[in-house]
1. What percentage of the solvent-accessible surface of the chain, computed with a 1.4 Å probe over protein heavy atoms, is contributed by carbon and sulfur atoms?
2. Report the trypsin sites (Lys or Arg not before Pro) located in segment 281-353 that are in a DSSP loop and have at most 11 other Cβ atoms inside 10 Å of their Cβ, or state none.
3. On a C-alpha basis, how far is the centre of segment 412-472 from the centre of segment 497-567 in Å? Whole number, if you could?
4. For segment 131-225, compute the orientation-averaged projected area of the C-alpha convex hull (one quarter of its surface), in nm².
5. May I ask you to give the average projected area over all directions of the convex hull of the Cα atoms of segment 451-575, in nm² rounded to one decimal?
6. Translational D (Stokes-Einstein, µm²/s) of segment 188-258 at 4 °C and 1.567 mPa s when Rh comes from the Kirkwood sum over C-alpha pairs?
7. Report, in debye and to the nearest 20, how large the dipole of the chain comes out about its Cα centre when Lys and Arg carry +1 and Asp and Glu carry -1 on their Cβ.
8. Measure nothing but the geometry: give the 0 to 90° angle between the long axis through the Cα atoms of 8-21 and the longest principal axis through the Cα atoms of the chain, rounded to 10°.
Amino acid sequence: MVRRYWLAGIAAVLSVCAAAAAEERLDHGLVALKTADGKVYLGWRLRADDPKDVAFNVYRQSSSDQTATRLTARPVGDCTNYVDGDPPVDAKYFIRSVTAGTEGEASPPVAVTDTSGVASCVRIKLRGDYGFQKCALADLDGDGRLDFIIKQPDFNTDPYQHPGYWKKSEDTYKIEAYNHDGRFMWRHDMGWSIEEGVWYSPYLAYDLDGDGRAEVYAKAGEGDPRDEKGLVTSGPEWLVKIDGLTGKVTRRLPWPDRSGYASYNYWSRNMLAVAYLDGREPALVVQRGTYDVIKVEAYDSELRLIWRWDSRSEKARYNGSGSHGTRVADVDGDGRDELVLGSSVLDDNGRGLWVNPMSHPRSSHPDVCSVGDIDPDRPGLEIFYGYEVDQPRNGVCLVDAATGRILWGFDGPTYHVHGFGMVADITAAHPGQECYAGEKEHGQYFLYTAKGDRIGSEKIDSLSPRAIWWDGDAQKELILSGRIQQYRGQVYEPVEGSPVAIADCLGDWREEVVTSVPGELRIYTTTIPANTRRTCLMQDRQYRLGVAAVSMGYFYWPQLSLAGAPRFSEARKAH
């Protein structure tokens with residue numbers, strides 16, 4: 001595990017830079033949940049700006065005891081959770097940080113969430129009995145707590161003109177905002193100019209302008225330009241900025257145009273991302289195209305154009321090298337973010353860094369595309385790919401993120417590897433993260449170690465199993481057949497609904513899963529006490545930008561940066 005700890009000084013500097021660049025001002029995110037045995041589990045965030053030696057006292061108050069009672073005999077310093085074994089019915093809780101023996105201010109008190117028979121989750125009622133397709137997480141009102149911005153209804157059509165893919169839109173998409181405790185904030189109707197499919201309707205939420213409140217950015221059109229079949233093939237197209245507090249459109253700019261594309265299927269694929277192209281300030285990235293021409297525009301916090309890129313401008317063939325989501329990572333270690341379009345990467349200056357063309361003119365498009373610190377024993381980041389078009393070899397492979405050089409791959413033919421696969425450390429038997437991908441049509445499934453050893457050929461529930469930090473150790477758990485469980489191990493929680501986001505948005509550093517249930521948004525969060533503590537994952541830049549992008553494109557779960565990669569200390573007894 002030589003590189004996992006690399007040079008401690010450099011890692012520390014990078015970690016500080018990553019946190020400083022992610023200016024989101026989060027509170028300690030205290031959450032209190034009633035457990036099945038009648039106890040109350042409390043979890044809270046360790047923030048990047050907390051002193052290294054900070055610990056926390058936990059307090060409880062109730063109507064029968066107006067004076068707050070300190071529950072901790074001594075401050076909790078080795079984890080960020082606590083279990084109250086004898087809570088009164090109307091208990092409320094708050095925490096105080098303790099540094100050098102001095103207590104800080106009290107956090108806002110929180111009431112106990114009674115899940116009413118549903119496994120450990122927070123439930124938010126929607127404005128109707130509908131589901132939602134996507135969910136963004138951001139602080140819209142500047143109170144330090146993350147809010148939820150959904151896109152409903154849960155209906156999808158694909159631009160591919162083939163039976164079973166494209167369908168006429170049944171309604172218009174609505175973007176709806178709910179604050180952290182479930183209060184409805186606003187609704188934005190995307191209108192008939194945006195068809196009801198993920199590739200027509202990208203949106204994301206992020207505080208780009210630095211005022212402490214996130215904005216929402218989305219694709220927009222005008223009126224009802226649908227033709228007699230229901231396709232939108234004409235009409236103006238815009239990038240719009242929506243005020244996160246009111247839902248009002250405050251700015252609009254032209255979206256990259258439809259010219260130069262071979263067909264409707266190719267021009268109808270649109271994406272958004274946020275990247276720190278200069279290493280200091282966030283920029284908005286607008287993309288059109290996946291399978292054919294790719295156009296990318298980058299805007300600063302004032303929505304002034306930084307640069308514009310067209311795949312046709314490169315000497316090598318970048319056309320068709322896009323994936324189904326724009327990944328953001330500092331692949332070359334210079335402190336500035338690059339854009340992983342798919343099997344190609346754009347440098348922070350808007351020029352092609354590298355491309356991996358495969359054997360077929362359209363075969364450089366990967367469905368599976370995940371960038372992170374997959375192999376901890378080698379320098380830099382890696383990207384795991386699964387290619388959609390049939391390949392004679394290396395259709396499933398791992399490459400060096402800085403150069404695109406193939407490190408290992410499947411030495412045999414593959415046929416339409418699709419879904420978004422999985423990259424996560426799910427077993428302690430092998431160092432680094434395991435990589436999974438599969439083919440539905442031919443029944444080939446691939447589970448590799450970070451070193452390229454194939455350790456499985458069975459289907460893991462689906463083409464795209466979700467992985468989540470849940471029980472407190474270094475390995476992630478999986479959401480399989482509606483339950484959170486260890487890989488080939490212990491089963492934990494049932495999870496109802498369609499998972500649409502995974503992020504560290506409540507409580508301690510473990511992750512939550514946001515699901516769509518008709519009429520309800522659910523945030524499943526662990527109530528298992530942990531014996532380690534880590535800084536809130538949302539304060540790692542690459543992870544935060546991955547969460548920002550989860551509301552558009554494929555569900556590519558967020559990966560930590562090189563500096564933020566897990567460093568779990570030995571188990572310590574929690575208070």
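The values are calculated or read from the model by the stated rules, or taken from the named source; none is laboratory data. From a predicted model like this one, the values you see are computed outputs, not experimental measurements. Virtual Cβ from ideal backbone geometry, glycine too; neighbours counted across all protein chains shown. For the accessible areas, the whole protein counts, side chains as well, though only heavy atoms, and no ligand, DNA or RNA atoms are used. Shrake-Rupley method; radii C 1.70, N 1.55, O 1.52, S 1.80 Å.
1. 49
2. Answer by residue number: Arg304, Lys315, Arg351.
3. Answer, in whole Å: 20.
4. Projected area, direction-averaged: 6.7 nm².
5. For segment 451-575, the mean projected area of the Cα convex hull comes to 9.2 nm².
6. 100
7. Computed charge dipole of the chain: roughly 300 debye.
8. Once rounded, one gets 80 degrees.
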